[in-house]
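The values are calculated or read from the model by the stated rules, or taken from the named source; none is laboratory data. Everything quoted here is computed from the prediction, not taken from an experiment. So basically every Cβ, Gly included, is an ideal-geometry build from the backbone, and we count neighbours across all protein chains shown. For accessibility, only protein heavy atoms count, side chains too; no ligands or nucleic acids. Shrake-Rupley method; radii C 1.70, N 1.55, O 1.52, S 1.80 Å.
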Amino acid sequence: MPEESNILTGTVDSVVYQNGENGYTVLRLDTGEEEPVTVVGCIPGVAPGETLTARGSWTHHPSYGPQFKAEVARRSIPVEVKAIFDYLASGVVKGVGMSTARKLVEEFGEDALNVLEHHPEKLTAIKGITQKRAQSMGEAFRLQMSMRRLLDFLTEHGLDPQLGMPLYRRFGDLALERIQADPYLLTDGELSVAFGQADELAMELGFEGDHPRRVEAGVLFTLQHNLDNGHTFLPRGKLLQAAGTLLGLTDGDTLEEALVKLTSRGAVVEDRVAGEEACYLKEYYEAETHVAQRVSAMSESELYPPEKLDALIDKIEGHQGITYAPLQREAISVAGRRQIILLTGGPGTGKTTTLRGVLELFESMDLEVALAAPTGRAAKRLGELCSAEGYTIHRLLETRFDEKNGQLIFAHNEDNPLKADVVIVDETSMVDILLMSALLSALREDCRLVLVGDPDQLPSVGAGNLLSDLLRCGRVPTVRLTEVFRQAAQSAIIRSAHQVNEGKPPELKNGLGSDVFFLRRPDPASAEETIVELVSKRLPENMGIPAGQIQVLSPTRKYDGGTGSLNRMLQAAVNPPGEDKGERKFGPFIFRQGDRVMQVKNNYDVMWKSPDGTQAGMGVFNGDIGRILEVDNRRELITVDFEGRVVEYSPDMLGELEPAYAVTVHKSQGSEYRAVVLCAVDTVPRLLTRGVLYTAITRARELLVIVGDETVIARMTANNRQTKRYSGLRWRLAGGLS
């Protein structure tokens, strides 16, 4: 093996593995030493015979020994006849195999590749190659060269070469030309390059600071960036001020001119909302107005109720063996008479019982019902509660990935609506404005919609303030359950949740029969040690709760007491290394067979299969939690089971996975766990809020253990600050449509 170095140069001897979608490659490189060395990295389209110069670092593979991990790779077209033959014979050019490769080098020698790219008509001099085939071979080679030049360009400017494949999917052989003309295209869609990186590239290509395209891109990026803060729009003044700060521009006229141009071509939509000059990205304006229009129409729709509705509800009561509280009965009655209903309430108020009654009512009316929720765990729980199959909203709508523009699309829409007569959606607080618009688009005009949620939980990660806006507009038929039933009130978890919601710190007294315990550990290091002991020993041994049914929550990812630190400690205690466990290091993480992991990015085009292989589908989504079934270092694959959806991860996909022994409270939304251990130690104030504490408490089904500082709990309870979200939905629903 060569001495360790950051630079490696040689000729590609063979390609062991290559992922055509993302370019991840394993190859053998002849560096002039006795044995070729293994190089891994993103090197799309590489073929034997090419000269390769790679910059990176040496790693040690547990099965295959030393490997060179290429961060950047530069390739050169082969110039010697043998190398040219090896290159063409590898099949890298469509329509050229070993036999044709031999004829090409015999006929044209070192000029063979030049003829292929620039003078394919000369190929007809070879017996058996028609003019049509010659043109086809030339076109295939030109496309190959386009990808090569694109990758060389990305590498030269310090950009991730993995951008090559999505760029090529979107722009084809014009990708390099398009990016050179407009580097800010890199900030769009699935490319999602940071604005600073695209801006730096633009400066290198000669763009001036006040170049119109730069200013327009800055305005668009400001709107896109604030989607992550939940805003569907920004007031005009705030938008221009923030964009000016981003771009380092103080010339208001230049910014105004850019906004006018964006508005004139429809990229930005301006509308007056509740006295504000609101600026939207087109997609979000259309989604918000569509939701407002459709929900308004559904809210006004009075349907013919089934005959003798009250008697029918009495019959359902008898089936369930209960007597409904007045508000529960009202909710079922409203569901029978209206096209849309919003059912809300905190824990212990009977939402599940009411929902079962609503479902039985619809079944008695011979209506086809679809159950849906934003996350897989929430959908599964909804299905279990209602004794029917629950779907994620993405799966219900049949998510697809449009390779042309890198956008998420749905099979079900206005032109192909769902067959369901009723759609029931749980955990509506997690639904953002785009997903709600997509769902409404897929409903038939006469389809009923039941939205269920807890308004005191955290709002959606995506843009919008959907549940709050629907509740506060005063237009959507709503039943809010408020009575905490006696049996539920016996649970300290439920009492604690309602106390926090009322601004009162939960009772932190450990008593016999309680399902809430508090362990005082003001020091973060001590809190972490106690949490590890609870998960690995005390709760499994003393309370019979396996570690796999315990979820550790923290308000933060970083700092002491954050999920990063906790995951490392919990993995070591709960799933230590073993000779029978495969493992793989990736970045700061070690992924080991048996680990609990979370998908942290929506991936719409990854395929999953059921464990028995009888079912398959597309898509794994941000927040999905699974378990590593196998780490196959020979095939470079990690297999994860997301509760019945088995996905294989190649090395380039591992950036989408994180350990999930501990997750943030935000990431836990939509899930419920048998036992929750909450780390409550001091951290950044914006994360220590009542909403975070309430959401954490309500994730626990049987047991909640809070470890930390009671003063932190008190501060969280008192801090009811809610970050303002700019959304026009409430205003539109309340009458702003007219």
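General remarks:
- Put simply, of 448, 444 the only residue that is in contact with a strand residue (DSSP E or B) (Cβ under 7 Å, 6 or more places away or on another chain) and basic (Lys, Arg) is 448.
- Of the candidates 310, 271, 314, the single residue that is over 27 Å from residue 342 (Cα atoms) and either open to solvent by 30 Å² or more (accessible area, probe 1.4 Å) or outside any helix (DSSP H, G or I) (or both) is 271.
- Any hit, region 174-183, residues being in contact with a helix residue (DSSP H, G or I) (Cβ under 6 Å, 6 or more places away or on another chain), open to solvent by less than 20 Å² (accessible area, probe 1.4 Å) and in contact (Cβ under 8 Å) with a residue 60 or more places away in the chain: no
- Those residues of region 645-682 which are in contact with a Pro (Cβ under 8 Å, 6 or more places away or on another chain) and modelled with pLDDT under 90, in sequence order: 670
Matching residues to (1) more than 27 Å from residue 516 (Cβ to Cβ); (2) among the β-branched types (Val, Ile, Thr):
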{"position": "530", "(1), (2)": "no, yes"}
{"position": "539", "(1), (2)": "no, no"}
{"position": "545", "(1), (2)": "no, yes"}
{"position": "570", "(1), (2)": "no, no"}
{"position": "578", "(1), (2)": "yes, no"}
{"position": "581", "(1), (2)": "yes, no"}
{"position": "594", "(1), (2)": "yes, no"}
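- Looking across region 229-251 at every residue that is assigned to a helix (DSSP H, G or I) and out of contact with any helix residue (DSSP H, G or I) (no Cβ under 7 Å at 6 or more places or on another chain), the one that is most open to solvent (accessible area, probe 1.4 Å) is identified as 241.
- For region 650-670, filtering for residues that are crowded, with 21+ Cβ neighbours inside 10 Å, among the hydroxyl-bearing types (Ser, Thr, Tyr) and more than 16 Å from the chain's Cα centre (by Cα) leaves 1.
- Of all residues in region 407-429, those being within 20 Å of residue 477 (Cα to Cα) and among the hydrophobic types (A, V, I, L, M, F, W, C) number 4.
- When residues of region 626-644 are limited to those that are at pLDDT below 90 and within 24 Å of residue 390 (Cα to Cα), the one most open to solvent (accessible area, probe 1.4 Å): 643
- Checking each residue in region 290-300 for being open to solvent by 20 Å² or more (accessible area, probe 1.4 Å) and either in contact (Cβ under 8 Å) with a residue 60 or more places away in the chain or touching a Lys or Arg at 6+ places or on another chain (Cβ under 7 Å) (or both) picks out 290, 293, 294.
For every residue, the table says whether it meets (1) open to solvent by 20 Å² or more (accessible area, probe 1.4 Å); (2) closer than 16 Å to residue 393 by Cβ; (3) in contact (Cβ under 8 Å) with a residue 40 or more places away in the chain.
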{"site": "412", "(1), (2), (3)": "yes, yes, no"}
{"site": "420", "(1), (2), (3)": "no, yes, yes"}
{"site": "449", "(1), (2), (3)": "no, yes, yes"}
{"site": "456", "(1), (2), (3)": "yes, no, yes"}
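- Selected residue (criterion: least open to solvent (accessible area, probe 1.4 Å)) from residues of region 54-83 that are under 21 Å from residue 37 (Cα atoms) and in a helix (DSSP H, G or I): 83
- In this structure, residue 678 does not satisfy being part of a helix (DSSP H, G or I), open to solvent by less than 40 Å² (accessible area, probe 1.4 Å) and under 28 Å from residue 573 (Cβ atoms).
- First in region 591-613 and open to solvent by 20 Å² or more (accessible area, probe 1.4 Å), second anywhere and among the polar types (S, T, N, Q), Cβ under 8 Å, 6 or more apart: 594/575; 600/622; 601/622; 602/622; 604/399; 609/615
- For region 24-43, a residue qualifies if it is surrounded by fewer than 22 Cβ atoms within 10 Å (Cβ to Cβ), touching a residue at least 60 places away in the same chain (Cβ under 8 Å) and of a type outside the set (Phe, Trp, Tyr), and exactly one does: 26.
- Condition check for residue 276: within 23 Å of residue 459 (Cβ to Cβ), of a type in the set (Asp, Glu) and either modelled with pLDDT of 95 or more or open to solvent by less than 30 Å² (accessible area, probe 1.4 Å) (or both): no
- The residues listed here are 605, 560, 612; of these, the one that is in contact with a strand residue (DSSP E or B) (Cβ under 7 Å, 6 or more places away or on another chain) and either over 30 Å from residue 58 (Cβ atoms) or part of a strand (DSSP E or B) (or both) is 605.
- Looking only at region 472-511, and only at residues there that are assigned to a helix (DSSP H, G or I) and among the hydrophobic types (A, V, I, L, M, F, W, C), the one that is nearest to the chain's Cα centre (by Cα): 497
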